[in-house]
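Engineer: Dumping the structure here so I can ask a few things about it.
The values are calculated or read from the model by the stated rules, or taken from the named source; none is laboratory data. Here the structure is a predicted model, which is why all the values come from computation and not from measurement. Cβ coordinates were reconstructed from backbone atoms using ideal geometry, including for glycine residues, and neighbour counts include every protein chain displayed. What goes into the accessible areas is simple: the full protein's heavy atoms, side chains included, and nothing from ligands, DNA or RNA. Shrake-Rupley method; radii C 1.70, N 1.55, O 1.52, S 1.80 Å.
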Amino acid sequence: MIARLDAPDFDRWAAQIRSTGGCRQPIHLRGKVEHYDRATGRLLHRYTTRHEPDGVLRLPCKTRRASRCPACAEIYRADTYHLIRAGLVGGKGVPESVTTHPTLFVTLTAPSFGAVHARREKDGRVQPCHARRDAKTCPHGRVMSCTAKHRPDDPHLGEPLCPDCYDYTGSVLFNALAPLLWKRFADSLRRRLAKLGGLTLKDLREHLTVSFAKVAEYQRRGVVHFHAVIRLDGPGGPIAPPPHWATEDVLTQAVHHAAHVVSALVPAIDDQPARLFKWGQQLDIRPISLNGDLNEQAVAGYVAKYATKAAECVGTVDRRINPLDNLDAYNLRDHAGRLIAECLRLGSIQDLADLRLTQWAHMLGFRGHFSTRSRRYSTTLGELRAARKRHARDHEVSTGRLLLFEEDTVLVISEWTYAGKGYSLGDQVIAAALTGTPLGGPYER
C-alpha cells in the first residue's frame, strides 16, 4: 500500500481505478492502438500502455454476477431494467402503442422434490414452517414436522426436513431440463394460440407474434423457476397491434394450457426408473397494469434484480468445480454439497452426457441463459452498450482527448494481450477507498 501511494504515477493509477466504476476484478490489458489516415498514411492518434502504471490498461470485467462484482452487475441490471421496461411502455425504438397490447407476467415453478424448511406468512404474521398434528416419521427416523417460525435470514430455509428422503436426483435433472421445458412451453403456447384463433401454426406468424422476456430465479431449495413477461403483437412485432381475437383472456388460457401439457422425459439410468418432468402446480399469471401494483416499473425491477443473481442463495460457489476437487474444502452447506455431488455422479453416466452436469455442477445442473428475450420484444443489450460506447466517444471528442475523424477514412491497427485481472491485497484496500466500494471479492493478478 505504501509503495503504491508513494509511486510517481499514483494519480494515473487512481484515474484508471475510478474509470472502472468500482470494478472488483478489472481486466488487465497490455498493448497499443494506432489510427492512420487511409489516404496519406499519416499517424493520427496513438495510445500505448507502455507508460501506464504497471504497463497495463485496466478495464471493467463486465460480469453480470453480483457475487463477483457488484459494480459491473449493477450496470447489467440497469440495462436489463431498461430492456424490460421498453417492452412494456415503449422507448428504445419501441412505440408507445405497445401499452395497449395484451401482456402478462407469468411465473413457472418447479415441482416438489421433498419437504423443505420454508418461511410462511398469513395476514402479515409468520406461520410455523411445517406444523403437523399427526406428523409421520420418515423411514430414516425423522419426524416430518417443523414448528419453528423462521427468520428471513435463517440458514435452514430451503434445506430438506430429511436430506435422506429428498430427491436430489430429480432436483438436478429438473434444472438440467428446465431450458427444454421452457422451449416446449413457448412452442405449445404458439400452437394453442393458433388453435384459439382458428389458424394453423404456419399461418399464425402472418397474424400474431408472441414476444417475451424471461429470467431464471433460484429458490432456496436449489431449483430454478422462470419469471416471464409475455406480450402479443401483430405480425410486424410491437409496431403493429395484435388481431382483435388475441385478448388478454385468450393469452391467459393459452398459458394455462401450455404450462400443464408440456413435459420432458429422462430415460431409465442405472437403478433409476424413467422420469417425466413437468412444471410445478403453482402457476402465477397476472396482468400488467400501468396504474396498478404490478406496473411496468415493478415488473422491470423484479426481472432485472434476478438477472444478476445465480445459485448463491443456495450456498454453492459461483465458479466451475473440477470433478477432482475436494468438496469439503469449499465449506458448502450440506444441502448444496449434496446437490453438487449428485451433479458430479450423474455427469459420469454416459447416457446423460448431453446434459453436461459435471460442467454445470456449480449451477446445480442448470445450464441455460438467465436472461433471455424473443427477437422482437424490445431493444437488445448490445444496442444499449453500443449507445453507451457512442456517448463515451463523443465525450472524449468534445473534451479534446480524441480527434474527430470519419471512421471510414481511418485505418485502426490494434494489438492487445491479456495480462491478468483483479488486485493485489494492498491495491484492493486503496481501490475500495477511492471508489467507495466495500472490500471483498477475488484478489487475482
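Engineer: Considering only the range 110-154, state which residues are under 26 Å from Leu339 (Cβ atoms), among the hydroxyl-bearing types (Ser, Thr, Tyr) and part of a loop (DSSP other than H, G, I, E, B).
Structural biologist: Ser112, Ser145
Engineer: Does the range 245-274 hold any residues that are closer than 13 Å to Leu181 by Cα, in a loop (DSSP other than H, G, I, E, B) and aliphatic (A, V, I, L, M), and which are they?
Structural biologist: Within the range 245-274, just Val262 meets the criteria.
Engineer: If I filter the range 79-94 for residues that are in contact (Cβ under 8 Å) with a residue 60 or more places away in the chain, out of contact with any Phe, Trp or Tyr (no Cβ under 9 Å at 6 or more places or on another chain), within 28 Å of Thr316 (Cα to Cα) and not polar (S, T, N, Q), do I get at least one hit?
Structural biologist: yes
Engineer: Hey, another quick one. Tell me yes or no: at least one residue of the range 340-353 is on the phi > 0 side of the Ramachandran plot and either part of a helix (DSSP H, G or I) or not acidic (Asp, Glu) (or both). Step through it out loud before you land on a result.
Structural biologist: Taking the range 340-353 as the starting set, the residues that turn out to be on the phi > 0 side of the Ramachandran plot are none.
Scanning the range 340-353 turns up no residue that is on the phi > 0 side of the Ramachandran plot and either part of a helix (DSSP H, G or I) or not acidic (Asp, Glu) (or both).
Engineer: Got at least one residue in the range 406-416 being of a type in the set (Ser, Thr, Tyr) and touching a Lys or Arg at 6+ places or on another chain (Cβ under 6 Å)?
Structural biologist: Applying the first criterion (of a type in the set (Ser, Thr, Tyr)) to the range 406-416 yields 409, 414.
Narrowing the set further to residues that are touching a Lys or Arg at 6+ places or on another chain (Cβ under 6 Å) leaves 409.
Checking the range 406-416: at least one residue is of a type in the set (Ser, Thr, Tyr) and touching a Lys or Arg at 6+ places or on another chain (Cβ under 6 Å).
Engineer: Further question: Scan (1) among the β-branched types (Val, Ile, Thr); (2) closer than 29 Å to Asp271 by Cβ; (3) part of a helix (DSSP H, G or I) for the single condition Thr358 breaks and write down its number.
Structural biologist: (3)
Engineer: Separate question: So in the range 168-214, with the set limited to residues that are in a helix (DSSP H, G or I) and aromatic (Phe, Trp, Tyr), which one is farthest from Glu312 (Cα to Cα)?
Structural biologist: Kept after step one, since they are in a helix (DSSP H, G or I), are these residues of the range 168-214: 168-196, 201-204.
Applying the additional criterion that residues be aromatic (Phe, Trp, Tyr) yields 168, 174, 182, 185.
On the way: Tyr168: 18, Phe174: 18, Trp182: 23, Phe185: 27 Å.
Applying the filter and picking the extreme gives Phe185.
Engineer: Follow-up question, since we're still on this one. Could you please find all residues in the range 280-329 being assigned to a loop (DSSP other than H, G, I, E, B), within 22 Å of Ala259 (Cα to Cα) and in contact with a helix residue (DSSP H, G or I) (Cβ under 8 Å, 6 or more places away or on another chain)?
Structural biologist: Ile288
Engineer: Which one of the conditions (1) open to solvent by less than 20 Å² (accessible area, probe 1.4 Å); (2) not in a helix (DSSP H, G or I) does Arg64 fail to meet, given that it meets all the rest?
Structural biologist: So Arg64 meets the others, but not (1).
Engineer: Within the range 228-274, which residues are among the hydrophobic types (A, V, I, L, M, F, W, C) and without any contact (Cβ under 8 Å) to a residue 60 or more places away in the chain? Give the steps one after another, and end with the answer.
Structural biologist: So the first thing to find is which residues in the range 228-274 are among the hydrophobic types (A, V, I, L, M, F, W, C), and the list is 228-230, 232, 239-240, 245-246, 250-251, 254-255, 258-259, 261-262, 264-266, 268-269, 274.
Those that are among the hydrophobic types (A, V, I, L, M, F, W, C) and without any contact (Cβ under 8 Å) to a residue 60 or more places away in the chain: Ala240, Trp245, Leu265, Ala268, Ala274.
Engineer: Right, Ile27: in contact with a strand residue (DSSP E or B) (Cβ under 6 Å, 6 or more places away or on another chain), on the phi < 0 side of the Ramachandran plot and hydrophobic (A, V, I, L, M, F, W, C) or not?
Structural biologist: Values: in contact with a strand residue (DSSP E or B) (Cβ under 6 Å, 6 or more places away or on another chain): yes; on the phi < 0 side of the Ramachandran plot: yes; hydrophobic (A, V, I, L, M, F, W, C): yes.
Judged against the criteria, Ile27 is a match.
Engineer: Another one. Restricting attention to the range 44-61, and to residues there that are over 29 Å from Glu74 (Cα atoms) and of a type in the set (Lys, Arg), which single residue is least open to solvent (accessible area, probe 1.4 Å)?
Structural biologist: Top of the filtered list is Arg46.
Engineer: Can you name every residue in the range 361-382 that is over 30 Å from Ser97 (Cβ atoms), of a type in the set (Gly, Ala, Ser) and not in a helix (DSSP H, G or I)?
Structural biologist: Result: Gly365, Gly368.
Engineer: Sticking with this structure for a sec: Which numbered condition in (1) open to solvent by 40 Å² or more (accessible area, probe 1.4 Å); (2) touching a Gly at 6+ places or on another chain (Cβ under 8 Å) is the only one that Gly41 fails?
Structural biologist: Failing condition for Gly41: (2).
Engineer: Still on this structure, I have one more. Hey, among Glu96, Glu159, which residue is among the acidic types (Asp, Glu), under 25 Å from Trp360 (Cα atoms), open to solvent by 30 Å² or more (accessible area, probe 1.4 Å) and at pLDDT below 95? Write out each step before concluding.
Structural biologist: Numbers: Glu96 fails: under 25 Å from Trp360 (Cα atoms).
One residue alone meets the criteria, Glu159.
Engineer: Hey, among the residues in the range 12-38 that are in a helix (DSSP H, G or I) and among the hydrophobic types (A, V, I, L, M, F, W, C), which one's most open to solvent (accessible area, probe 1.4 Å)?
Structural biologist: Filtering the range 12-38 down to residues in a helix (DSSP H, G or I) leaves 12-19.
Subsequent filtering for residues that are among the hydrophobic types (A, V, I, L, M, F, W, C) retains 13-15, 17.
On the way: Trp13: 1, Ala14: 3, Ala15: 42, Ile17: 1 Å².
My answer is Ala15.
Engineer: Find the residue count for the range 296-342, including only residues that are open to solvent by 30 Å² or more (accessible area, probe 1.4 Å), acidic (Asp, Glu) and touching a Leu at 6+ places or on another chain (Cβ under 6 Å).
Structural biologist: So the first thing to find is which residues in the range 296-342 are open to solvent by 30 Å² or more (accessible area, probe 1.4 Å), and the list is 297-298, 302, 305-306, 309, 312-313, 317, 319-320, 322-334, 338, 341.
Within this subset, residues satisfying the condition of being acidic (Asp, Glu) are 312, 325, 328, 334.
After this cut, where a residue has to be touching a Leu at 6+ places or on another chain (Cβ under 6 Å) as well, the list is none.
Going through the range 296-342 one residue at a time, the tally reaches 0.
Engineer: Would you call Glu217 outside any strand (DSSP E or B) and acidic (Asp, Glu)? So that I can check it myself, show each step before the final result.
Structural biologist: Numbers: outside any strand (DSSP E or B): no; acidic (Asp, Glu): yes.
In short, no.
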